1. I need the trypsin sites (Lys or Arg not before Pro) found in region 193-232, filtered to DSSP loop residues with at most 14 other beta carbons within 10 Å of theirs.
2. Residues of region 65-103 with backbone nitrogen within less than 18 Å of a virtual label 7 Å along the Cα-to-Cβ line of Asp124, please, listed as ranges.
3. Select from Ser236, Ser104, Ser348 the residue whose mean-square fluctuation is largest in a Gaussian network model of the chain (Cα-Cα springs shorter than 10 Å).
4. Of Ile194, Ile18, Ile86, which is the most mobile in a GNM of the chain whose springs link Cα atoms less than 10 angstrom apart?
5. Only counting other Cβ atoms within 10 Å, I'd like Asp229, Asp207 sorted with the fewest neighbours first.
6. Give the calculated FRET efficiency between Glu266 and Asp330 to the nearest 0.05, with a Förster radius of 25 Å applied to their Cβ-Cβ distance.
7. Separation between the Leu4 and Glu182 pseudo-spin-labels, each 7 Å from Cα along Cα→Cβ, expressed in nm?
8. Just from its helices, what would the mean residue ellipticity at 222 nm be for the chain, if runs of 4 or more DSSP H residues each count -39500 (n - 2.57) and the sum is divided by every residue, rounded to the nearest 500 deg cm²/dmol?
Amino acid sequence: MTVLRIPSLRIGDLEAKIPVVQGGMGVGVSLSGLASAVGNAGGIGVIATPGIGQFEPDCHSNPIEANRRALRKEILQARSQTNGLIGVNVMVALSDFGGLIQCSVDAGANVVLLGAGLPTSLPDSLPLGDLTQVATKFIPIVSSARAADLVFKTWKKRYNHVPDAVVVEGPMAGGHLGFKREQIFDPEFALEKILPPVIEVVKIYEDYFSKHIPVIAAGGIYTGKDIYDIMQLGASGVQMGTQFVTTCECDASPAFKQAYLDCHEEDIIIINSPVGLPGRAIRGKFFERVMSGVKEKFKCDWKCLRSCDFKKVPYCIAQALTNAKKGLLDEGFAFAGANAYRAEKIISVQELIDKLVEEYMAAAQLAL
């Protein structure tokens, strides 16, 4: 008799009993509260670094140290609340990319996910001659097999080492997207299409380094059946963000969560972010002003994003996302995945994980 169970996710010597990585969501949407709850439920909880120091008293006068201090506090707080796995998402586009990675490693993060750009290099402060000395696992986020190959090939040449896993994110994800606007709704760029070529590329490096390198699928995965279906295509696990926003433990304000509960499918739009990438967000009064040509007033204390020309952009995305996290949605906006309109109620992280496992098992049973 076949015993059905949801498979675990193994990344090197780490094992998540539930193959779910909670997506890193900034500013301040996924901090230690959400991450530790996901870790306790058997998944990998992830703290988002963008703007994390916005809530420190010296965030304007000493932004680099404020961000690093806040990140250390959140990692240690999460570690004190769970024995599960805790990760950190660091955007490649951040000006202090290297400093935040080193901070994550020093504070004991189990994994560091590297997104919003291709992480072809790591900070010099790491033991680049022998990355096996670092307990933290490194996981780039890519949107194509070509991008995956570039990252892996570069790491192989520079470090004689490759990432410990890779996330391939499709165009249905929330937040910044690694696609051109015209590709977002093109079926040829759907997650199901781009996943298999990434798996093929990674297999080359698995064979060369004689190690298992899990490919984690992301972008539009919402139910346990979605998890089952995408794992049947070869994914070792999934990354999910949207579902975790409407949980009790999510670190965003009640108003932010309510925006998910209130939105309809037509309210979820593609925006042009000041970062230089398209993004998916929930429509609101803030966008109505911006799209009408109004330039929002803001002060840039430091250039937090390397690609941002703050003198030309119509608004500060860090400020807009901070306002949204606080519940000031008329002065900001909520990033959201394409399925955000499906949210119906606030539940606990454990209830969500239990539901996903139940749905996965039902899909697996039907397939027998």
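Each value in this text was obtained by applying a stated rule to the coordinates, not by laboratory testing. This is a predicted model, so every value here is computed, not measured. Virtual Cβ from ideal backbone geometry, glycine too; neighbours counted across all protein chains shown.
1. Loop-located and lightly packed - Lys211.
2. 95-103
3. Comparing Ser236, Ser104, Ser348 in a Gaussian network model of the chain, the most mobile one is Ser348.
4. Ile194
5. Details: Asp229 17, Asp207 9.
Taking fewest neighbouring Cβ atoms as first place, the list is Asp207, Asp229.
6. Numbers: r = 20 Å, r/R0 = 0.79.
It comes to 0.80.
7. 4.4 nm
8. -11000 deg cm²/dmol
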